[in-house]
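Peer 1: Supplied in structure tokens, the structure appears directly below.
The values are calculated or read from the model by the stated rules, or taken from the named source; none is laboratory data. Given the structure is predicted, the values throughout are model-derived calculations rather than measurements. Glycine gets a Cβ as well: all are built from the backbone with ideal geometry, and neighbour counts include every protein chain shown.
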Amino acid sequence: MADLQALIFDVDGTLADTERDGHRVAFNRAFAEAGLDWDWSVELYGHLLAVTGGKERIRFYLDKYNTGFQRPGDLDGFIADLHRSKTAHYMTLMEEGAIPLRPGVQRLLEQARSAGVPLAIATTTTPENVSALVASTLPSGALDWFTVIGAGDIVPAKKPAPDIYQWVLGEMDLDAKSVIAFEDSSHGVSSAVGAGIDKVVVTVNDYTREQDFSLATVVFDQLGEASMPAAVLDGTAVPPGGVVDLDYLRSLV
Ligand code: XBP
Ligand code: MG
């Protein structure tokens, strides 16, 4: 049995349910501030999540859902400005404590730290957003819990491309077969699997519940606490007591 050498976490939808009440709201505030009458409803945002990355998502919206918009000459610059404003709004939302961590996340992070199992992040979102979420939900200095944070434009191709997981594995000099990735979306699973990681634990949310997770190792509703056991939605390896802990994760590797 290989050793479990690291846990690599996605952020949006996995550490916290940030999409509907975080990113979506921040996008809408940036649009309003820029004098745009765009409004990304909860439902429309579900469609826009087909594309990862905020700048890429704005472009996808214009290409597919708002084709009549009179585009400025410098579309890249326009999108970059909008996205900068969106990031600022998102960070404000996090400072206000808008989004808690998902059940079991802090427990598992702390358990891994105590056991000396390295932690890392592989996300599509902007690095400042990761810092803001961690600062608002975990003890001071918790960003240092993560040996490596792979985020945003550090790689050119975002999930479902494998680049961000490959980058994290390379930075930590890890064998893909000795780590576990945590994801909430099929794009995230594809990215991890594409990087050679064959153990991917999924915790679904309202936006991703119906996606195809056939490449995942196991699919849960959440990571579970003793008082709130996780339900296995797909997979055969059931954690004792419904709590996804290190013993259970080691048994997967
Ligand atoms: C997360 C995303 C992100 C956020 C927005 O995907 O798609 O784009 O929605 O973040 P994943 P930015 O969880 O698969 O990494 O606006 O900072 O790009
Ligand atoms: Mg995600």
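Peer 1: Cβ-Cβ distance below 6 Å, separation of 6 or more or different chains: which pairs start in region 1-26 with a residue that is part of a loop (DSSP other than H, G, I, E, B) and end on one that is of a type outside the set (Gly, Ala, Ser) and at pLDDT below 95?
Peer 2: ALA2/VAL253; LEU4/VAL253
Peer 1: Is there any pair linking a residue in region 178-194 that is closer than 17 Å to GLY13 by Cα to one that is within 12 Å of ligand 2 (Cβ to nearest atom) and in a helix (DSSP H, G or I), with Cβ under 7 Å and at least six apart or on different chains, and which?
Peer 2: Going by the 7 Å Cβ cut-off, the qualifying pairs are ALA181/ALA192; GLU183/VAL189; GLU183/ALA192; SER191/ILE164.
Peer 1: For ALA80, indicate whether it is assigned to a helix (DSSP H, G or I) and in contact with a Lys or Arg (Cβ under 8 Å, 6 or more places away or on another chain).
Peer 2: Yes; evaluated as a whole, the condition is true for this residue.
Peer 1: While we're here: Considering only region 116-123, I want to know if a residue exists there that is under 25 Å from PRO239 (Cβ atoms), polar (S, T, N, Q) and within 13 Å of ligand 1 (Cβ to nearest atom).
Peer 2: The answer is yes; a qualifying residue exists.
Peer 1: State which residue pairs qualify: first residue free of Cβ contacts under 8 Å to residues at least 40 places away in the same chain and inside region 212-234, second residue small (Gly, Ala, Ser) and crowded, with 19+ Cβ neighbours inside 10 Å in any location, beta carbons under 6 Å apart, and separation of 6 or more residues or different chains.
Peer 2: ASP212/SER186; PHE220/ALA230; PRO229/GLY242
Peer 1: While we're on this one: So VAL51 clears everything in (1) assigned to a helix (DSSP H, G or I); (2) free of Cβ contacts under 8 Å to residues at least 12 places away in the same chain; (3) among the β-branched types (Val, Ile, Thr) except one condition, right? Which one?
Peer 2: With (1) assigned to a helix (DSSP H, G or I); (2) free of Cβ contacts under 8 Å to residues at least 12 places away in the same chain; (3) among the β-branched types (Val, Ile, Thr) applied to VAL51, the lone miss is (1).
Peer 1: Given the conditions (1) within 16 Å of ligand 2 (Cβ to nearest atom); (2) out of contact with any Ser or Thr (no Cβ under 6 Å at 6 or more places or on another chain); (3) more than 16 Å from VAL11 (Cβ to Cβ), which single one is not true for THR217?
Peer 2: Failing condition for THR217: (1).
Peer 1: Return the residue satisfying two criteria in turn: it lies in region 117-156 and is assigned to a loop (DSSP other than H, G, I, E, B), on the phi < 0 side of the Ramachandran plot and more than 16 Å from ligand 2 (Cβ to nearest atom), and of such residues it is surrounded by the most Cβ atoms within 10 Å (Cβ to Cβ).
Peer 2: Among residues in region 117-156 that are assigned to a loop (DSSP other than H, G, I, E, B), on the phi < 0 side of the Ramachandran plot and more than 16 Å from ligand 2 (Cβ to nearest atom), the one surrounded by the most Cβ atoms within 10 Å (Cβ to Cβ) is VAL117.
Peer 1: Go through TYR90, TYR65 for me and flag whichever is at pLDDT 95 or above and within 30 Å of VAL201 (Cβ to Cβ).
Peer 2: TYR90
Peer 1: Could I ask something else about it? Going by the structure shown, is TYR207 among the hydroxyl-bearing types (Ser, Thr, Tyr) and free of Cβ contacts under 8 Å to residues at least 24 places away in the same chain?
Peer 2: Judged against the criteria, TYR207 is not a match.
Peer 1: Inside region 232-253, can you point out the residues that are surrounded by 13 or more Cβ atoms within 10 Å (Cβ to Cβ) and either among the β-branched types (Val, Ile, Thr) or part of a loop (DSSP other than H, G, I, E, B) (or both)?
Peer 2: VAL232, GLY235, VAL238, PRO239, VAL243, VAL244, ASP245, VAL253 - these are the residues of region 232-253 that are surrounded by 13 or more Cβ atoms within 10 Å (Cβ to Cβ) and either among the β-branched types (Val, Ile, Thr) or part of a loop (DSSP other than H, G, I, E, B) (or both).
Peer 1: Also, quick follow-up: Among the residues of region 222-253, write down those that are touching a strand residue (DSSP E or B) at 6+ places or on another chain (Cβ under 6 Å) and of a type outside the set (A, V, I, L, M, F, W, C).
Peer 2: If the condition is that a residue be touching a strand residue (DSSP E or B) at 6+ places or on another chain (Cβ under 6 Å) and of a type outside the set (A, V, I, L, M, F, W, C), then GLN222, ASP234, GLY235 are the ones that fit.
Peer 1: Residue check, TRP38 against (1) surrounded by fewer than 22 Cβ atoms within 10 Å (Cβ to Cβ); (2) under 19 Å from the mean Cα position of the chain (by Cα); (3) among the aromatic types (Phe, Trp, Tyr), all met but one. Which one?
Peer 2: (2)
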